[in-house]
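Engineer: Structure incoming, see below.
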Amino acid sequence: MPELPEVETLCRQLNTVLPGEKILRIEVLDSRLGNMARKRIDSDILFSGTVPAGSGMEKIMMLVGRRVSTVTRKGKGIHIQLDDGLTAALHLRMSGRLLYLAGDVPTPSKIFPYSRMVIGFSSGTLVLIDPRRFATFDVQPEGVAPLLPDDPMKGLPAPRLRKIAAARRRPVKSFLMDQKIIAGIGNIYASEILFAAGIDPRRPACSLTMAEWRKVATATRAILCRAVNCRGTTISDWRDLFGRSGTNQDHLEAYSRQGKPCRRCGGIIERIDQGGRGTWVCSMCQR
DNA sequence: CCCTATGTTCCCAA
DNA sequence: CTTGGGAACATAGG
């Protein structure tokens, strides 16, 4: 679900409540979290406090008693840094959400449908909600700084994009969404960016001129910055850390607007299929 | 009931 | 190396 703007929103909000907070308890409610074995464990609360040896959950429980220093974003990943060097790396994938509640929550804390993990801090409680259970949570030791590609919030040099794309024939939309190339663009913003840049998402990445890559870079910054300022795009169930909807859905020009008039040229927005995902495009003015 | 869709990413085979 | 397809999962809608 969340792409860069939504994750950035969560990180900024987490940084208003978590730094300095001590982790008092962790409840893991989903056996898939923490790279555990596939098989489900038949218990409502899998682990809280002490864990069975060899369960694969020891790493997560190592967090208890440590204090948060800061929260950073790596692409669409949320990295909660502890003051002793450990990092709790959270990825929300398709349907993950985070909710922060002031104060404590009584155990057991299955207070919402699809609650998968509860982390109790000194003065608040963080809840991971994830219907589809794709979210991942992993504890990384100090010094594991994953090599990341360009972050689009820090500028995307058009010459670099053109150089990387030179040998790539795949559709430019899929190129933009490749997290190994650019970290953070997902299905909503890829459509929006290419609409703003006036480029057809089906074009092979290698076919774009330097001038077109400049348009893509400019559009990317504009689209993502606005989305961050709007605290994300709420299509159905995205909410920020405090449960509020974002407002960027009011600015969407392409995504989910099939059959509606293009606000730039009056053509009709169509929904096409690319790699099993929807893409929204105005064939009249995206070339 | 069956088929398709959904904001992501990993793994595999061609 | 690159790229497309399927899988991981839960639910809603036609």
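The values are calculated or read from the model by the stated rules, or taken from the named source; none is laboratory data. The shown structure was predicted, so the numbers you read here are calculated from the model rather than taken from an experiment. No Cβ is skipped: glycine too gets one built from the backbone with ideal geometry, and neighbour counts run over all protein chains shown.
Engineer: Quick one: would you say A:Leu161 is over 18 Å from A:Lys59 (Cβ atoms) and not aromatic (Phe, Trp, Tyr)?
Structural biologist: For A:Leu161, the condition - over 18 Å from A:Lys59 (Cβ atoms) and not aromatic (Phe, Trp, Tyr) - is met.
Engineer: Take the residues in region A:99-113 that are among the hydroxyl-bearing types (Ser, Thr, Tyr) and crowded, with 17+ Cβ neighbours inside 10 Å, then tell me which one is farthest from DNA strand B (Cβ to nearest atom).
Structural biologist: At the first step, the residues of region A:99-113 found to be among the hydroxyl-bearing types (Ser, Thr, Tyr) are A:100, A:107, A:109.
Pick out the ones that are also crowded, with 17+ Cβ neighbours inside 10 Å and you get A:100, A:109.
Details: A:Tyr100: 18, A:Ser109: 24 Å.
Looking at residues that are among the hydroxyl-bearing types (Ser, Thr, Tyr) and crowded, with 17+ Cβ neighbours inside 10 Å, I get A:Ser109.
Engineer: Can you confirm whether A:Gly120 is on the phi > 0 side of the Ramachandran plot and either exposed (fewer than 14 other Cβ atoms within 10 Å of the Cβ) or not basic (Lys, Arg) (or both)?
Structural biologist: Details: on the phi > 0 side of the Ramachandran plot: no; either exposed (fewer than 14 other Cβ atoms within 10 Å of the Cβ) or not basic (Lys, Arg) (or both): yes.
Criteria not met by A:Gly120.
Engineer: Could you list, in sequence order, all residues of region A:195-220 that are more than 23 Å from A:Ile269 (Cβ to Cβ) and touching a Leu at 6+ places or on another chain (Cβ under 8 Å)? Explain how you work it out, then say what you get.
Structural biologist: Of all residues in region A:195-220, those more than 23 Å from A:Ile269 (Cβ to Cβ) come to A:206, A:209-211, A:213-214, A:217.
Within region A:195-220, A:Trp213, A:Ala217 meet the criteria.
Engineer: While we're here: Of all residues being within 22 Å of A:Met57 (Cβ to Cβ) and within 15 Å of DNA strand B (Cβ to nearest atom) in region A:75-94, which is surrounded by the fewest Cβ atoms within 10 Å (Cβ to Cβ)? Just the residue, please.
Structural biologist: In this case the residue turns out to be A:Arg93.
Engineer: Let me ask something else. Can you run down the residue pairs with Cβ atoms below 9 Å, 6 or more apart or on separate chains, where the first is in region A:260-287 and closer than 11 Å to A:Leu194 by Cα and the partner is part of a strand (DSSP E or B) and of a type in the set (A, V, I, L, M)?
Structural biologist: Pairs found: A:Thr279/A:Ile272; A:Trp280/A:Ile272; A:Val281/A:Ile272; A:Cys282/A:Ile268.
Engineer: What pairs come out if I take residues in region A:158-169 that are under 12 Å from A:Ile182 (Cα atoms) and pair them with residues that are more than 16 Å from DNA strand B (Cβ to nearest atom) and in a loop (DSSP other than H, G, I, E, B) whose C-beta lies under 9 Å away, six or more apart or interchain?
Structural biologist: The qualifying pairs are A:Leu161/A:Leu208; A:Ala165/A:Leu208.
Engineer: Further question: Against the definition (more than 18 Å from the chain's Cα centre (by Cα) and assigned to a loop (DSSP other than H, G, I, E, B)), how does A:Ser245 come out, yes or no?
Structural biologist: Numbers: more than 18 Å from the chain's Cα centre (by Cα): no; assigned to a loop (DSSP other than H, G, I, E, B): yes.
Answer is no for this residue.
Engineer: Hey, among the residues in region A:218-236 that are surrounded by fewer than 21 Cβ atoms within 10 Å (Cβ to Cβ) and not β-branched (Val, Ile, Thr), which one's nearest to DNA strand C (Cβ to nearest atom)? Don't jump to the end; show me each part of the working.
Structural biologist: Of the residues in region A:218-236, the ones surrounded by fewer than 21 Cβ atoms within 10 Å (Cβ to Cβ) are A:218-219, A:221-222, A:225-226, A:228-230, A:234-236.
Those still in the list that are not β-branched (Val, Ile, Thr) too: A:219, A:221-222, A:225-226, A:229-230, A:236.
Details: A:Ala219: 21, A:Arg221: 24, A:Ala222: 26, A:Cys225: 28, A:Arg226: 28, A:Asn229: 30, A:Cys230: 25, A:Ser236: 9 Å.
Only one residue tops the list, namely A:Ser236.
Engineer: Oh, and also: Condition (residue is more than 16 Å from DNA strand C (Cβ to nearest atom), within 20 Å of A:Leu92 (Cβ to Cβ) and at pLDDT 95 or above) applied to region A:253-263: is it met by at least one residue?
Structural biologist: Within region A:253-263, the first condition is being more than 16 Å from DNA strand C (Cβ to nearest atom), and the residues that meet it are A:253-255, A:257, A:260-263.
With within 20 Å of A:Leu92 (Cβ to Cβ) added as a condition, the list becomes A:255.
With the extra rule that they be at pLDDT 95 or above, the set shrinks to A:255.
Yes, some residue in region A:253-263 is more than 16 Å from DNA strand C (Cβ to nearest atom), within 20 Å of A:Leu92 (Cβ to Cβ) and at pLDDT 95 or above.
Engineer: Return the residues of region A:229-259 that are over 27 Å from A:Arg132 (Cβ atoms) and touching a residue at least 60 places away in the same chain (Cβ under 8 Å); say none if nothing qualifies. Reasoning before the result, please.
Structural biologist: Pass one, region A:229-259, residues over 27 Å from A:Arg132 (Cβ atoms): A:229, A:253, A:259.
Listed by number, the list holds a single entry, A:Glu253.
Engineer: What's the number of the only condition in (1) under 15 Å from A:Glu27 (Cα atoms); (2) more than 18 Å from the chain's Cα centre (by Cα) that A:Ala102 fails to meet?
Structural biologist: (1)
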